[in-house]
Amino acid sequence: MAEETRAGDDRRRIALPGVVLGIGLGGFVDGILLHQILQWHHMLSSTDTDNIGVRDYPVTTVPGLRMNTLWDGLFHTFTWIAVLTGIGLLYSRVTASRGRVWRSRALWGWVLVGWGLFNLVEGVVDHHLLGIHHVRTGPGQLAWDVGFLLFGALLVGAGWGLQRGAPVVDLCEPRTASGPRR
């Protein structure tokens with residue numbers, strides 16, 4: 001039981017770096033896939049129907065597209081800073097681990113949790129509360145927005161489950177004749 005508690009405590013040490021990396025990487029997936037490749041929306045592409053009174057910046061005009069591109073760039077700057085912060089946190093955890101390291105599924109589990117949290121917060125705030133953009137504007141808009149939230153919840157659940165089963169490896173622990181380290 002003490003071994004399980006210690007492994008759980010060790011997995012939580014990697015939680016913050018993993019979640020912050022997941023927020024940044026999830027934001028990159030959103031920005032690159034939905035904003036740039038599919039061009040379904042930009043940061044301010046629904047300001048004609050938003051809930052807070054932002055001036056309309058239609059993506060069908062050069063000034064509107066310029067403003068949306070600026071806000072997409074600010075969004076990508078945030079996600080880039082989140083990734084850099086996550087890498088810095090991860091580095092500090094690894095260098096202070098004193099030989100205890102994590103299996104990759106612990107880190108990737110927390111990254112999925114972070115990506116899911118990004119989807120949930122961004123979806124609730126930008127799509128529902130502010131209404132400044134939606135996953136895909138037009139027919140089925142609410143279904144796309146709810147699907148985005150459900151995908152975020154699925155990522156959180158899958159990531160939580162993935163990291164829970166991840167063992168920790170102690171590189172300073174001597175090997176035994178019964179086999180390699182776990």
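Hey, can you tell me all the residues within the stretch 132-149 that are closer than 21 Å to residue 32 by Cβ and loosely packed, with under 15 Cβ neighbours inside 10 Å? Please lay out each step first, then the result.
Narrowing the stretch 132-149 to residues closer than 21 Å to residue 32 by Cβ: 132-137, 144-145, 147-149.
Result: 147, single match.
Checking 104, 97 one by one, the residue that is modelled with pLDDT under 95, polar (S, T, N, Q), on the phi < 0 side of the Ramachandran plot and open to solvent by 40 Å² or more (accessible area, probe 1.4 Å) is 104 and no other.
Residue 86 passes every criterion in (1) open to solvent by 40 Å² or more (accessible area, probe 1.4 Å); (2) under 21 Å from residue 30 (Cβ atoms) apart from (1). Among residues of the stretch 149-165 that are more than 27 Å from residue 128 (Cβ to Cβ) and in a helix (DSSP H, G or I), those with a beta-carbon under 8 Å from a residue that is of a type in the set (Phe, Trp, Tyr) and at pLDDT 95 or above at least six positions away or on a different chain give the pairs 163/110.
The values are calculated or read from the model by the stated rules, or taken from the named source; none is laboratory data. The shown structure was predicted, so the numbers you read here are calculated from the model rather than taken from an experiment. Every residue, glycine as well, gets a Cβ built from its backbone with ideal geometry; the counts of neighbours run over all protein chains shown. Remember, those area values only see protein heavy atoms, side chains included, never the ligands or the DNA or RNA. Shrake-Rupley method; radii C 1.70, N 1.55, O 1.52, S 1.80 Å.
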